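Student: Shown below is the structure under consideration.
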Amino acid sequence: MLQMNNVSKVYQTEMVQTHALRDFNLQVNEGEFIAVTGPSGSGKTTFLNIAGMLEPFNEGEYLLDGVNVGSLNDNQRADLRNQKIGFIFQGFNLIPDLNLYENIEVPLRYRGIKANERKRRIEQCLEQVGLASRAKHLPQQLSGGQQQRVAIARALAGEPRFLLADEPTGNLDSLMARQVMELLEQINRDGATIVMVTHDSELARRAPRNIQVVDGQLADFTLYQGAQTIKTASGV
Amino acid sequence: MFIHYLDLSWRSFKRTPLVSFLMVLAIAIGIGITMTSLSVYHMMSADPIPEKSSQLYSVQLQTMDDGSTWWTEDNMPLQLTYQDAENLLNAPTSEKKVAMMRTGFSVYLDSDKIKPFIGSARMTTPDFFSMFDLSFLYGGAWSKEQENSAAPVVVITQEINDKLFAGKNSVGELIYLDDASYQVAGVINHWPLNIKYYDLNNGAFNQVEELFMPFSLIKAKELVSWGNSNGWKHENTPTFADKLQSEQVWIQFWAELNTLEQKQAYQNYLLAYMQEQQKRGRFNRKELEYKLRDVNQWMQYNNVVTEDNKILVGLSFMFLGVCLANILGLLLAKFLRRAPEVGVRRALGASKRQIFLQHLVEVAMLGFIGGMLGIVLAQLGLMGVGQSYDYYENLATMDLTMLLSAPLIAITTCILAGLYPAWLVCKTNPAIYLKSQ
């Protein structure tokens, strides 16, 4: 599904050169649920942005579903992103002027899906996250947890095969966080591949596979299989 | 998607009503001022008779002896002498031609109900009406015979007919001009002429005359010109007959030449005429010279649209530029404030091109609203201009071309102003804003 080979990302200013990712290697298989942890500034979000094609990388190779991302232009990347990837952000990133229905409609419009099909998908997704009755509400009329569920519904509406979640529970209390996590687990069971960046080690442990990013490199690789934990170094 | 972009633009308008209103107001003021000056300029420079402006030629003859100079750019007198005008009128050539002069009379009826008033008159030949596309409400032009016999007949305008005869068919009625009575031969329909191109002596934008009468009456009644009479050498002209035979120029002359062959033949005729006149002691010059200028060339030659008008249009466009610079600043602030939302849209699959188009549609909508409001302001401006001078009354209007141009100019200029902010917002890195929102 996702394969990164020796991917490097350098932020360059006049004075400083920062290596956000160095020779980053990772393979994510179809249907996996991966939690990415690591200290602040370690490169987790940079990895997620590159995985979501929101940022270019300097070196290496990135294949998404067999497509070499490095060879695509902006329009092609936007199309690929729109068709294969769903985003869930820590800050929900709902558009405040649009009601829930319209927020979920945004990626579908860019994909050129017809109105009746959009309606079907939106209603289905709102049903799935338990907010069908709030379709005409504006985001600010909802709680944080509800807003995140709308963001998840928006990510799901495009029927993506790959979900990227950046601290999806970071702004939520523990009850809401648990509900959102259960929703993500359900989505994963339904077949979506999920990569979730989190600081919360307890939450990370609920994911079947954990990776740790330190100083822009994959430092640790942990696989939770029920009660048994297999730990390997550097993902080997 | 365009409708969706329009919807987003309208929401954006409502989200920041004050900034949006300021932008619309800036566009409206810029467009209002620009369209006011542009409309006047457009009316001043518009072809007054587009269907045949390239077939009507003003005739100029170089009557001056060698060594004499005139103030025109090509040293040519603007009018003809009476004797040349009469000779050209009587020429055995087939084209339509008119000689004419402006004069005026005290106008009254044999009735105490209408107060006498001063009316301006055009002394001309009967072809005038068909050459310059005038139509008749009642009656028609006087006949060739009446022209030749200096018959006391007159064609009046619809306005004068309304004033003197309450709009009734007045053909055959008598009106008094100075001390003689004249029979009404016809009444012309309202002639809305913005530029009095056929005689630019008394100002290009003056009203057309109210009375039209046979050219032959000039000689018969010894009528003086209400236009310019110019001479280039000392001549003693104590009597009217002396003036008619003098080298003073005071008659306008036009010919209708419908084909190139007709024009060439007329040019040959003019040359032959001057050569023949040379034998009689006139046109004492080495090189004989004449000019045929069509309507638009004639207007340009006479500087109908002055440099001042052009400068005014230029200044108004510069003012529009200043307004747009302000709009550009406001758009920059507004669009960049929206960068986080753009980041989300980009993450959700919008390409840079789609973001760019969305923002261009928004500025186009601002331009359209501003353009519409600008038309209202331009109408107020034109009302003000129209009231400043009488002759601006006809010029200070917006025709359909200008009405359609206003929103088009507003949208185009707004899109130009919005290109940079739209480009800037679409090329921002979405990743920066997704984390920070």
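Student: In what sequence do B:T63, B:T157 fall when counting other Cβ within 10 Å, fewest first?
Tutor: Least crowded to most crowded, the residues run B:T157, B:T63.
Student: Now, a different point. Do you know the Lys pair count in the range B:205-271 for C-alpha distances under 23 Å, with sequence separation 8 or more or different chains?
Tutor: 4
Student: Any chance you could check the Cα centroid distance between the range B:343-366 and the range B:404-437 for me, in angstrom?
Tutor: For the range B:343-366 versus the range B:404-437, the Cα centre distance is 8 Å.
Student: Let me ask you something else. Quick one: helix B:2-15 against the long Cα principal axis of chain B, what's the angle to the nearest 10°, folded into 0 to 90?
Tutor: Roughly 80 degrees between the two axes.
Student: Using label points projected 7 Å from each Cα along Cα→Cβ, tell me how many nm separate B:K286 and A:Q17, to one decimal.
Tutor: 8.3 nm
Student: Let me ask another. What is the Cα centroid distance between the range B:110-137 and the range A:6-74, reported in whole angstrom?
Tutor: Between the Cα centre of the range B:110-137 and that of the range A:6-74, the gap is 88 Å.
Student: Rounded to the nearest 0.05, what FRET efficiency is calculated for B:N169 and B:T401 with R0 set to 41 Å and r the Cβ-Cβ distance?
Tutor: 0.65
Student: Report, to the nearest 10°, how far helix A:74-84 tilts away from the longest principal axis of the Cα atoms in chain A, using its own Cα long axis and a range of 0 to 90°.
Tutor: 70 degrees
Student: If contacts are Cα pairs under 8 angstrom and at least 6 residues apart, what is the relative contact order of the range A:96-169 in percent?
Tutor: Numbers: 63 pairs, mean separation 32.9, N = 74.
Once divided by the residue count of the range A:96-169, the mean separation gives 44 percent.
Student: What trypsin sites (Lys or Arg not before Pro) in the range B:202-278 are in a loop by DSSP, with at most 13 other Cβ atoms within 10 Å of the Cβ?
Tutor: B:K233
Student: May I pose another question? Which whole-number percent gives the relative contact order of chain B, counting Cα pairs below 8 Å spaced six or more residues apart?
Tutor: In percent, rounded to a whole number, it is 28.
Student: Further question: Counting other beta carbons within 10 Å of each residue's own, what order do B:E393, B:E222 fall into, fewest first?
Tutor: Numbers: B:E393 15, B:E222 12.
Final ranking by Cβ density, sparse to dense: B:E222, B:E393.
Student: Taking every pair of distinct Cα atoms and averaging 1/r, then inverting, what Kirkwood hydrodynamic radius in Å comes out for the protein assembly as shown? Before the final figure, lay out each step's value.
Tutor: Numbers: mean 1/r = 0.0311 Å⁻¹.
This gives a value of 32.2 Å.
Student: Applying the Karplus parametrisation 6.51 cos²θ - 1.76 cosθ + 1.60 with θ = phi - 60° to the phi angles of the range B:322-333, what ³J(HN,Hα) value in whole Hz is obtained for each residue in order, glycine and proline being reported as x?
Tutor: Along the range B:322-333, the couplings run 5, 4, 5, 4, 5, 4, 4, x, 5, 5, 4, 4 Hz.
Student: Could you tell me the calculated FRET efficiency between B:L109 and B:K144, based on Cβ-Cβ distance and R0 = 41 angstrom, to the nearest 0.05?
Tutor: Here the calculated transfer efficiency is 0.90.
Student: So how do A:M196, B:M44 line up by other beta-carbon neighbours within 10 Å, fewest first?
Tutor: Lowest to highest Cβ neighbour count: B:M44, A:M196.
Student: Within the range B:91-164, report the trypsin sites (Lys or Arg not before Pro) that DSSP leaves as loop and that have at most 10 other Cβ atoms within 10 Å. Mind showing how you got there, number by number?
Tutor: Details: sites: B:K96, B:K97, B:R102, B:K113, B:R122, B:K144, B:K163; in loops: B:K113.
Those satisfying the criteria are B:K113.
Student: What average number of partner chain Cβ atoms lie no more than 10 Å from the Cβ of the residues making up A:87-96?
Tutor: Other-chain Cβ atoms within 10 Å of each residue's Cβ, averaged: 5.
Student: Sticking with this structure for a sec: Quick one: angle between helix B:352-388 and the longest Cα principal axis of chain B, in degrees between 0 and 90, rounded to 10, please.
Tutor: Roughly 40 degrees between the two axes.
Student: Out of the GluC sites (Glu not before Pro) in the range A:8-89, which ones are loop residues according to DSSP with at most 11 other C-beta atoms within 10 Å?
Tutor: Loop-located and lightly packed - A:E14.
Student: Separation between the B:D74 and B:I3 pseudo-spin-labels, each 7 Å from Cα along Cα→Cβ, expressed in nm?
Tutor: 6.0 nm
Student: When averaged across all projection directions, what area in nm² does the alpha-carbon convex hull of the range A:2-233 cover?
Tutor: About 13.4 nm², averaged over all directions.
Readers should treat all values here as calculations from the given coordinates under stated rules, not as data from a laboratory. If you're wondering where the values come from, they're calculated on a predicted model, not measured in any experiment. Methodologically, a virtual Cβ is constructed for each residue, glycine included, from the backbone with ideal geometry; neighbour enumeration extends over all protein chains shown.
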